[in-house]
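As structure tokens, the structure follows; a few thoughts come after it.
The values are calculated or read from the model by the stated rules, or taken from the named source; none is laboratory data. The structure displayed is predicted, hence computed values, not measured ones. Here the Cβ is made from the backbone with ideal geometry for all residues, glycine too, and neighbour counts use every protein chain on show. Note: areas computed on protein heavy atoms with side chains; ligands, DNA, RNA excluded. Shrake-Rupley method; radii C 1.70, N 1.55, O 1.52, S 1.80 Å.
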Amino acid sequence: MESGNQTRALEFLLLGFSAKSDIQFVLFGLFLSMYLVTVTGNLLIILAICSDSLLHTPMYFFLSNLSLADICFTSTTVPKMLWNIQTQSTIITYEGCLSQIFFFIVFGCLDNLLLTAMAYDRFVAICHPLHYSIIMNGQFCGLLALGSWCLSIMGSLLETLTLLRLSFCTNMEIPHFFCDLPEVLKLACSDTFVNTMVVYSATGLLAMIPFNGILLSYFQIVSSILNLSSATGKYKAFSMCGSHLSVVSLFYGTGLGVYLSSAATSSSRTSLVASVMYTIVTPMLNPFIYSLRNRDMKGALRRLLSRVVPLSSGVSGGVLW
């Protein structure tokens, strides 16, 4: 009973950037700027898709969900990190740590599943174009998105709730800027075998199976494109997948870098840099990838901004008048 009370009163220490006291101001400005760019860019993507009827298609429906997931994914870790840098504090409560782990896993898994749904959408569009509107109907797309949310929440609940059975003896240090589940498991005093099995099972179901689904989809896509006789047709087909393939490569490349760096080296600095790439840089770059490489998205953003700018000018003119 005593250890349980200690666990509930426990405070973890996030040591990610605490040792760099001489550049705290620079780090705060840098990460705040990146966070604002991430939120603004993804929010513009969502608004452009919702406001433009030309983008009311399955691909952009999944993209709007992906942008929302990226905003939430970044917001799970960055605001707390900025607060700790600003206040020169490294403390996060036990409850706050569990909450951060839960939402981090939810939106990380959601990104993974939505990228898989988008890969399937591209597969149907290229390999079965005549049946695309029948297969990728609104109801089916809604079910794919809803299923992605539900699976992510259930998987995260399973991994997070099993942490409640663990006891932590003293205040412990996490060499990251957020509560990373593997690092928290290292700090437990009690046996973590069940937790480890749950993590491996959830990773297999919610990460490896979707990733294999993406690989299979693109294997079929590439095979279909290579069978096309027209060079123009091949270019058009490849351009349909370019943005998604770039985002997939960035997401899995940085995610793999996080776990390879933590497994291959004991350097917390290397692992920290990889974590920053995965949790901050990737969600920030996604809107640029889709807006710069996509003519329809660029047109929708221009139309959105053209409606917003005259509206703000009109409001200002009315105030001045």
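Accessible surface calculations at 1.4 Å, restricted to protein heavy atoms, place region 180-247 at 57 Å² per residue. Here the calculated FRET efficiency for Met197 and Leu256, from their Cβ-Cβ distance with R0 = 22 Å, stands at 0.50, rounded to the nearest 0.05.
Considering only Asp22, Asp121, Asp70, the mean-square fluctuation computed in a Gaussian network model of the chain, springs between alpha carbons under 10 angstrom, is largest for Asp22. Dipole orientation for the chain: of the candidates Met136, Ile209, Thr40, Met136 has the Cα lying most toward the positive pole (charges on Cβ; Lys, Arg +1; Asp, Glu -1).
Here the gap between His131 and Gln88, fully extended at 0.36 nm per residue and compared with their Cα-Cα distance, gives a gain of 9.7 nm. If only the Cβ of Lys and Arg carry +1 and only the Cβ of Asp and Glu carry -1, the dipole of the chain around its Cα centre is close to 1080 debye.
Between Gly16 and His176, Phe177, the built amide H atoms are under 5 Å apart, and every one of these is 5 or more places off in sequence or on another chain. Ranking Arg307, Arg122, Arg302 from most to least accessible surface, computed with a 1.4 Å probe over the protein chains only, gives Arg302, Arg307, Arg122. Shown in residue order for region 234-244 are the 3J(HN,Hα) couplings computed by the Karplus curve 6.51 cos²θ - 1.76 cosθ + 1.60 at θ = phi - 60°: 5, 5, 5, 5, 5, 5, 5, 9, x, 5, 5 Hz (x for Gly and Pro). The magnitude of the dipole of region 92-185, with charges of +1 and -1 set on the Cβ of Lys/Arg and Asp/Glu and taken from the Cα centre, is near 320 debye.
Rounded to the nearest 10 degrees, the inclination of helix 282-292 to the longest alpha-carbon principal axis of the chain is 10 degrees.
Judged by the ratio a/c of the largest to the smallest principal axis of the C-alpha gyration tensor, region 158-208 counts as oblate, that ratio being 1.5 or greater while a/b is no larger than b/c. Taking the 0 to 90 degree range and rounding to the nearest ten, how far is the long axis of helix 24-51 tilted relative to the main principal axis of the chain, both from C-alpha atoms? Tilt relative to the chain: about 40 degrees.
3J(HN,Hα) along region 144-157: 4, 5, 4, x, 5, 5, 5, 4, 5, 5, 5, x, 5, 4 Hz, from the Karplus curve 6.51 cos²θ - 1.76 cosθ + 1.60 with θ = phi - 60°, whole Hz, x for Gly and Pro. Estimated purely from DSSP H runs of n ≥ 4, each contributing -39500 (n - 2.57), the mean residue ellipticity at 222 nm for the chain is -25500 deg cm²/dmol once divided by its residues. For region 191-205, putting each phi into the Karplus relation 6.51 cos²θ - 1.76 cosθ + 1.60 with θ = phi - 60° gives couplings of 5, 10, 4, 4, 4, 5, 5, 5, 4, 5, 5, 5, 5, x, 6 Hz, in residue order, rounded to whole numbers and with x for Gly and Pro.
Taken along the Cα-to-beta-carbon direction at a fixed 7 Å, the label points for Val222 and Ser190 span 4.7 nm. With a ≥ b ≥ c taken as the square roots of the eigenvalues of the C-alpha gyration tensor of region 123-268, please select rounded if a/c is under 1.5 and otherwise prolate if a/b is larger than b/c or oblate if it is not? It comes out prolate by the Cα gyration axes.
Per residue, the convex hull spanned by the alpha carbons of the chain comes to 173 Å³.
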